[in-house]
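Please treat every number below as a calculation from the coordinates, not as lab data. The shown structure was predicted, so the numbers you read here are calculated from the model rather than taken from an experiment. Glycine also receives a Cβ, built like all others from the backbone with ideal geometry; neighbour counts cover every protein chain displayed.
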Amino acid sequence: MFPPIANPSTKPVEPKFGDKDLIRRSASSITPAAQRQTEVAKLIDVSKCIGCKACQVACLEWNNLTEEVGINVGVYDNPHDLTPNTWTLMRYTEYANPESGNLEWLIRKDGCMHCEDPGCLKACPAPGAIVQYSNGIVDFIHDNCIGCGYCVRGCPFNIPRISKVDHKAYKCTLCVDRVAVGQGPACQKACPTQAIVFGTKDEMKKWAEKRITDLKSRGFKNAGLYDPPGVSGTHVMYVLQHNDKPEIYANLPNNPSISPIVELWKGATKYAGLAAMGAFAAIGFLHHVIAGPNRVSAEDERNAEKLAKGGQS
Amino acid sequence: MTMYDVEAGDKVRVGKAVTVDRYTTGARINHWITAICLILLALSGLALFTPSLYFLTGLFGGGQFTRFIHPWIGVVLFFSFAGLFLRFWKANLWRSEDGTWMARLRDVMAANEDRLPEVGKYNAGQKVVFWSMSILIITLIVSGVVMWDQYFYEYSSIPQKRIAVLIHAVAAVAIICVWIVHVYAAIWVRGTIDAMTKGQVTGGWAWRHHRKWLKELVVGRKTANGSAKG
């Protein structure tokens, strides 16, 4: 058993990180915090999940969210997708393992992965609407959000959702408010099987190693840690029984990275675009300075009169 | 007689000086609605294009309202430009002299008017602006609708939305460049702006820049007078 995080004291605690600890801020150039805090991570061990949805409930509870009553279409996923209110969602997959012949029930807790290289933040046009703390947590600052949905395009995991009520983007905060006072996220606290554990990223990697060794000993030879290098690693990681094919876990992307189209849009297009507009304006200005105005001469007017009066006669 | 270059309302007036009616009141109102929309779209669009211009959202009452109003201005522009398109497309069809005009762009820039072919109501440069605007506006409205999450989120996938934002950004940069050419040409060629403000240009302006058009109008006038007398 992973040592549980102690319950908090009843005395108020100063937050352990804040605005001074940002390493990235959307649409802004900031000096990253000189010293990084220890990176935190949430480890989701899919092999231990029993699909009880306690994490989903805890998330709604802690974040004071209410989900609409939905419709049952014959699957366990409820609601059917992430929404502006559902920041974490159990996705159930029935997998017929061709090697063992077993039917495996793969239950993945979907939600923000808190990428080290966050695509949402790169795509965001609103200064300070998305921030990344030095401990790795990526958070949306709703006061600055304009609801454009660019984060939806930037995210390689299809996580952010735009509210139809206040037109702002929502996703898992990794319970930034709890972590700031030394607690783990609400979902982790509620998990009855320790399928969700929380700690420093190094601790989580070490813990995952033990779990992977155990899974391998039980015949899952491709068991492994999902910490995708394409986004420089994530602060939410999975232990997967079949790490060689993450896509069987309700389309978890295999080797995700920020889309090259997003990189092109936010990179070269921006600079080339500004340069092109500037060049056109500058050429116009220079042409006018050098060539001077193109004026109609008195002779042109006389010619026109001659033509028009000739036409009249 | 076919007068491909003459649009409804174009007319030579011979008074103390020769003036030529170039744009009707309707066409001018149509043009300025489009122009205002295009400027507002450029300002609000640039605000979301690059963080260094995000401050422009202040002109529209903040980021949320900029995000909300931009697509609606786009819809107004689309329909307004459609009006201009219907008015102007015929006179903007490519003619044989347009190739010659384009080939002598150096003389155009140096204002060597005598080395250029006589052109109709629009020269090749104006036609390029017209058709570029037409194509870019269609590109922008289509990619813009794909980006308009508030109403059209469900109708496209995220990879499609990514392509749409890239196309929208590139087309927007292109249309701003075309707009700079359009505005600069109107300023550089003195007497042009009167066409869109007063609706009239001087006879000399028409003679210098659109002689074929002027000649056609004069011939048309003669025919009209002739038939009136008869």
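Debye-formula intensities of chain A, expressed as log10 I(q)/I(0) at q = 0.11, 0.13 Å⁻¹, are -0.73, -0.99 (one equal scatterer per alpha-carbon, no solvent).
Averaging Cα coordinates gives a centre for the range A:1-50 and one for the range A:260-312; these two points are 55 Å apart. For the range A:267-312, the mean projected area of the C-alpha convex hull, equal to one quarter of the hull surface, is 5.3 nm². With a 10 Å cut-off around each Cβ of B:210-217, the average count of Cβ atoms from other chains is 2. The ranking of A:SER163, A:SER100 from fewest to most other beta carbons within 10 Å of each one's beta carbon is A:SER100, A:SER163. Annotation for the range B:166-230 versus the range B:60-123: alpha-carbon center distance of 11 Å. Taking label positions 7 Å along the Cα-Cβ direction at both A:GLN37 and A:ARG302, the computed distance is 8.4 nm, reported to one decimal. Placing unit charges on each Cβ (+1 for Lys and Arg, -1 for Asp and Glu) gives chain B a dipole about its Cα centre, and among B:ILE137, B:LEU59, B:TYR153 the Cα reaching farthest toward its positive end belongs to B:ILE137.
As a proxy for reagent exposure, B:CYS37, A:CYS175, A:CYS112 were ordered by neighbouring Cβ count within 10 angstrom, fewest first; the result is B:CYS37, A:CYS175, A:CYS112. Pairs from the table (A:LYS16/A:LYS216; A:LYS171/A:LYS216; A:LYS11/A:LYS189; A:LYS164/A:LYS270; A:LYS201/A:LYS270) lying more than 27 angstrom apart at Cα are A:LYS16/A:LYS216; A:LYS171/A:LYS216; A:LYS164/A:LYS270; A:LYS201/A:LYS270.
Using just the alpha carbons, could you tell me how many Å³ per residue the convex hull of the protein assembly as shown encloses? Could you put the intermediate results ahead of the total?
Numbers: hull volume 109.8 nm³, N = 543.
Dividing the Cα hull volume of the protein assembly as shown by its residues yields 202 Å³.
Comparing A:PRO256, A:PRO12, A:PRO32 in a Gaussian network model of chain A, where Cα atoms under 10 Å apart are tied by springs, the biggest mean-square fluctuation is seen for A:PRO12. For the protein assembly as shown, the Cβ-based charge dipole about the Cα centre amounts to some 1660 debye (Lys, Arg positive; Asp, Glu negative; other atoms uncharged).
Modelled label positions at A:ASP177 and A:SER163, each set 7 Å beyond Cα in the direction of Cβ, lie 1.3 nm from each other. Normalised by residue count, the range A:66-140 yields a Cα convex hull volume of 155 Å³ per residue.
Quick one: if the Förster radius is 56 Å, what FRET efficiency do A:LYS20 and A:GLU67 give, using the C-beta to C-beta distance and rounding to 0.05? Let's see the in-between values first.
Values: r = 35 Å, r/R0 = 0.62.
In this case the efficiency is close to 0.95.
Within the protein assembly as shown, DSSP assigns beta bridges of which about 85% are antiparallel (rounded to the nearest 5).
Amide H contacts for A:ASP45 (H built 1.01 Å from N in the peptide plane; partners 5 or more residues away or on another chain; cut-off under 5 Å): A:ILE196, A:VAL197, A:VAL239.
Ranked by how many other Cβ atoms sit within 10 Å of their own Cβ, fewest first, the residues B:ARG104, B:ARG211, B:ARG162 fall in the order B:ARG104, B:ARG211, B:ARG162.
On average, how many beta carbons from a partner chain sit within 10 Å of the beta carbon of a residue in A:258-270?
Numbers: counts 0, 5, 1, 8, 3, 0, 4, 9, 5, 0, 0, 8, 6.
Across A:258-270, the average partner-chain Cβ count within 10 Å equals 4.
Under 18 Å of direct C-alpha separation, and excluding same-chain neighbours fewer than eight residues apart, B:LYS127 reaches these lysines: B:LYS90, B:LYS212. Per residue, the protein assembly as shown reaches -14500 deg cm²/dmol at 222 nm when only DSSP H runs of four or more residues are counted, each adding -39500 (n - 2.57).
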